[in-house]
Amino acid sequence: NAKKRGRSRVVVYDDSMESANRERLQLENDLRRAVELDQLLLHYQPQVNARSGEVSGAESLVRWNHPDQGLIPPFKWIPIAEELGLIEDVGEWVLRRACADLVELRASGHSIPKVSVNVSALQFHDEFVDTVRSALADSGLPPDSLEIELTEGIMVSNQESVVSMVQSLKNLGIRLSIDDFGTGYSSLSYLTRFPLDELKIDRSFVLGLAKGKQNAELVRAIIAMAKSLGLEIVVEGVERMEELEFFLAQDVEVIQGFLFSQPVTVTQLRGLLSPHHFRRQLERLNGSASK
Ligand code: C2E
Ligand code: MG
Ligand code: MG
Ligand code: MG
């Protein structure tokens with residue numbers, strides 16, 4: 001049918017296809033060299049205890065500082081890195097950088113209990129345990145200051161190898177968290193099969209709160225389940241005071257969201273780690289909420 005619509009249309013279509021392909025190829029080529037050219041950087045988003053204002057940790061979030069395109073968010077290139085088999089290099093860089101940054105922060109007097117690192121399912125091979133062990137040893141970071149965020153995609157696998165790998169990770173003394181809880185698979189059995197410390201309630205549930213009573217009941221059920229399994233809870237993506245109040249009413253205190261801070265550079269993070277920063281911010285939030 002394209003013929004009927006005339007030649008020029010077909011040519012335009014082909015051109016845009018071709019340029020999309022070219023862009024993609026260019027991105028792939030650039031990505032292959034991003035690690036060695038030192039173009040990756042880590043941002044950190046604090047996890048804040050919303051009663052005390054204390055920072056309980058920070059999640060490391062990778063960015064690619066592309067020479068022409070500037071900072072490219074992970075959803076645009078992590079899947080490509082996975083396809084190209086580059087995710088292990090990216091992941092190892094992230095792990096080492098995060099451990100080193102936390103050690104440096106502490107050396108300069110900042111107190112922060114832990115750093116969390118995201119792991120792709122495709123990075124989750126046998127060598128990963130060795131990579132973590134060596135990143136800890138080389139940085140000198142105490143194992144319980146490192147938390148690995150696993151996804152349901154990893155945990156849902158029944159493979160004995162995955163179960164034993166997660167146990168090996170746990171045996172290193174690190175903390176294990178389950179990211180984006182409730183967004184991937186309907187199986188809940190992995191929650192008891194794996195030695196988890198923490199469950200992160202996904203932002204989609206936070207967004208659901210405003211959309212009806214049933215969503216709130218669902219979140220309450222998740223919280224009750226996590227608590228009865230002895231899991232610590234972090235809520236992701238809290239942007240509004242009403243959302244924070246809902247979670248505080250459920251005695252869920254650790255919040256990671258734009259209400260407190262966007263992901264920031266390690267230099268900016270230093271400012272957020274001063275003992276009073278988030279306590280003052282909470283006072284301001286409470287002040288404006290009660291007006
Ligand atoms: P995630 O691990 O669930 O990280 C949380 C994401 O939610 C971050 O997006 C963060 O900026 C965003 N977020 C936090 N609070 C709020 C909020 O209040 N409102 C809104 N709208 N968003 C909020 P980011 O940094 O773009 O990362 C997206 C995803 O990319 C991450 O989701 C994670 O799955 C992946 N990712 C990031 N860094 C890495 C990494 O080093 N390795 C791997 N494999 N994946 C990574
Ligand atoms: Mg995460
Ligand atoms: Mg998440
Ligand atoms: Mg997410």
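Computed values, structure above
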item: Rounded tilt (10° steps) of 127-139 against the dominant C-alpha axis of the chain; result: 60 degrees
item: For region 135-291: Kirkwood Rh in Å [reciprocal of mean 1/r, alpha carbons]; result: 17.4 Å
item: Rounded D (µm²/s) - region 136-212, Kirkwood Rh over Cα pairs, Stokes-Einstein at 37 °C, 0.692 mPa s; result: 240 µm²/s
item: Rounded if a/c under 1.5, otherwise prolate or oblate - region 35-99, Cα gyration tensor axes; result: prolate
item: Over 24 Å [Cα-Cα, region 1-143], rounded percent; result: 47 percent
item: Inter-label distance, nm, simple model (7 Å from Cα along the C-beta direction), Ser187/Asn49; result: 3.6 nm
item: Area of Met17 that stays accessible when all protein chains are in place (1.4 Å probe, Å², to 10); result: 90 Å²
item: Rg and Dmax of region 227-291, Cα atoms only, in Å; result: 13.1, 38
item: Antiparallel DSSP beta bridges within the chain, percent to nearest 5; result: 45 percent
item: Area of His43 that stays accessible when all protein chains are in place (1.4 Å probe, Å², to 10); result: 30 Å²
item: With Cα atoms, 0 to 90° folded angle of helix 87-107 axis to the chain main axis; result: 40 degrees
item: Surface/4 of the Cα convex hull for region 73-151, nm²; result: 5.5 nm²
item: Computed accessible area, Asp144, all protein chains, 1.4 angstrom probe, square angstrom; result: 100 Å²
item: Principal axis dimensions, region 151-192 - Cα atoms, whole angstrom, descending; result: 28, 20, 15
item: Mean shadow area of region 198-250, taken as a quarter of the surface of its Cα convex hull (nm²); result: 3.2 nm²
item: Gap separating the Cα centres of region 88-126 and region 131-169, nearest whole Å; result: 12 Å
item: Convex hull projection area averaged over all views, the chain, Cα basis, nm²; result: 19.9 nm²
item: Region 177-270 - convex hull of the alpha-carbon atoms, volume per residue in Å³; result: 112 Å³
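The values are calculated or read from the model by the stated rules, or taken from the named source; none is laboratory data. As the structure is a computational prediction, the values presented were derived from the model and not from experiment. Using ideal geometry, Cβ is built from the backbone for each residue, glycine included, and neighbour counts are taken over all protein chains shown. Note: accessible area is taken over every heavy atom of the protein model, side chains too, but ligands, DNA and RNA are not part of it. Shrake-Rupley method; radii C 1.70, N 1.55, O 1.52, S 1.80 Å.
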